[in-house]
Amino acid sequence: MAGDDLRSVVKGRVWRPDDDGFDAARKAWNLAVDQPVAAVVEAADAEDVAALVRYARRSGSTVTAQASGHDASGDVEGAILLRTGRLDGVRVRASERVARVGAGVNWGRVLSEAGPHGLIGLAGSSPVVNVAGYTLGGGLSWFGRKYGWAADSVRAFDIVDADGDQRRVTETSDPELFWGLRGGGGDFALVTSLEFDLYSAPRVYGGRVIWPDAHGGEVFELFREITKGAPPELAVWFSRFAFPGAPPMVALDMTYLGDPGEGAELVRRLDGIDGVISDNRGLVAVADLGDIAGESTAPTAGLIRAELLTRLDEGLVTEPIDPLISIQLRHLGGALAEPASGASGPLAEPYLLQMTGVGPDPNLAHATRTRQRHLAERFAAVITGRKPYTLLTRDESAANAFPEPTLTRLRALKRSRDPHNTCRANHPVLNQ
């Protein structure tokens, strides 16, 4: 059984299935995903990661790395789950506009340390999402319209390769692996730290405005108008909410990377819609960006499905969403639509639809997936079928994320760098 002699291999903690705490150690952040792993290892440092890979190579095991497991697929039966939470170093080199972070660091810490220097990293909407996993999957940021995928801002990865050797990977040292790691997932090596660009953000405007659902049509039309001519510095997201025990609501979330007065003027037309329940727009500290969307920072049983849209459809504001708790439309475009230097590639679709439900019991999970499937069929005319790799669900694969030429290149990289499948991503590029 994997793990029988792991305690003699690594300095960090090891859990086997018969150990107290094993079930807690193997849990993903998304509690709807079961992880039937053979053992769990909490690495003490990068040397532990290298030792674990060498062990896995000798024993014919597979290692899958997680700090938290936000995007866990559950496709890990028999694998060794590597927890990277103790690889938690953060260093901001403000004069160079560069951050170096360990594989266990979340975005909240990066923003808290970069913000006082007037700098931001390309974080997403949640402060508790892991930087490494998010970036390996591409990384869709509040500021992606201005600066593109988070993965394309990476300068270097520190990795343990499939032979158990520690290496630093850059565009010049290993261009093919560097390309694959920037958006192609963690299928090729285990990342122990990464170094990426930070960007000037002396001031950020943003916040959320919420209305009763009765104003949904007005809010949706204004969302359409604002996003048609939005500069790349402005990101606006439209959401419908149906929380249990609460009346249905609609909201607009936004950030503007620049002068708060300019940002307020770009969305001034929001003031013309009556019935506001709450409005917290204003100057936002970089460290507080994770508060805008109000996402849970505690583990939940989430069922999420994402689709990329060619255009908006009015039915998105009228179609019933129950038993989902939300649907969200994110405006993309800008730099995300331009050629990318990593495996993520250009994102031509201008909008992302994200449908979210909770599934703590089988009946609710079934109803949630049924509604998600119905909505996908209802709006099939504007759905392209491609999914961002970072938002793939447990039932989807890398083939749903990448065009065929990119997938072929990623598969060739996997075969050449990890022919024994020692490393395993949440969504492997090869069919196992």
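Counting only DSSP H runs of at least 4 residues, each contributing -39500 (n - 2.57), and dividing by the residue count of the chain, the helix-based mean residue ellipticity at 222 nm comes to -6500 deg cm²/dmol. Neighbour counts of C-beta atoms inside 10 Å place Arg269, Arg167 in the sequence Arg269, Arg167, starting with the fewest. Three principal axis extents of the stretch 260-312 based on alpha-carbon atoms, in descending order, are 38, 33, 23 Å. As a proxy for reagent exposure, Val276, Val63, Val209, Val286 were ordered by neighbouring Cβ count within 10 angstrom, fewest first; the result is Val276, Val209, Val286, Val63. Taking N as the residue count of the stretch 210-320, its C-alpha radius of gyration divided by 2.2 N^0.38 Å amounts to 1.12. The stretch 232-290 and the stretch 132-186 have Cα centres lying 31 Å from one another.
Largest first, the three principal axis extents of the alpha carbons in the stretch 90-200 are 40, 25, 24 Å in whole numbers.
In sequence order, the stretch 246-253 has phi-based couplings of 10, x, x, 9, 10, 8, 10, 9 Hz under the Karplus curve 6.51 cos²θ - 1.76 cosθ + 1.60, θ = phi - 60°, and Gly or Pro positions carry x. The peptide list 313-323, 82-92, put in order of mean Cβ contacts within 10 Å with the highest first, becomes 82-92, 313-323. Less than 5 angstrom separates the built amide H of Glu349 from none of the residues sequence-distant by 5 or more or on a different chain. Using the alpha-carbon positions of the stretch 148-259, Rg (one decimal) and Dmax (whole number) come out as 20.7, 59 Å.
How large is log10 of I(q)/I(0) for the chain at q = 0.09, 0.10, 0.12 Å⁻¹ when the intensity is taken from the Debye formula with one equal scatterer per alpha-carbon? Here the Debye-derived log intensity ratios amount to -0.55, -0.68, -0.99. Assuming charge only on the beta carbon of Lys and Arg (+1) and of Asp and Glu (-1), the dipole of the stretch 342-388 about its Cα centre is about 80 debye to the nearest 20.
Using θ = phi - 60° in the Karplus curve 6.51 cos²θ - 1.76 cosθ + 1.60, the 3J(HN,Hα) couplings for the stretch 229-235 round to x, 5, x, x, 6, 9, 10 Hz; x is entered for Gly and Pro. Considering every alpha-carbon pair of the stretch 6-83, the percent of pairs per 10 Å bin, from zero through the bin containing the longest distance, is 20, 56, 23, 1. Between Asp213 and Thr384, the C-beta separation translates, for a Förster distance of 25 Å, into a calculated FRET efficiency of about 0.35. Its relative contact order, with pairs defined as Cα atoms under 8 Å and 6+ residues apart, puts the stretch 236-298 at 24 percent. A compact globular protein would have a Cα radius of gyration near 2.2 N^0.38 Å; the ratio found for the stretch 322-379 is 1.48.
Taken over the alpha carbons of the stretch 204-391 as equal point scatterers, the Debye sum produces base-10 log I(q)/I(0) values at 0.12 Å⁻¹ of -0.60.
D by Stokes-Einstein for the stretch 83-135, Kirkwood Rh over Cα pairs, 4 °C, 1.567 mPa s: 117 µm²/s.
Peptides 97-105, 418-426 ranked from most to least packed, by the mean per-residue count of other Cβ atoms within 10 Å: 97-105, 418-426.
Throughout, read-outs are computed from the coordinates displayed, never taken from laboratory work. Everything numeric in this text was worked out from a predicted model, so none of it was measured. Note that each Cβ is placed from the backbone with ideal geometry, even for glycine, and that neighbours are counted across all protein chains shown.
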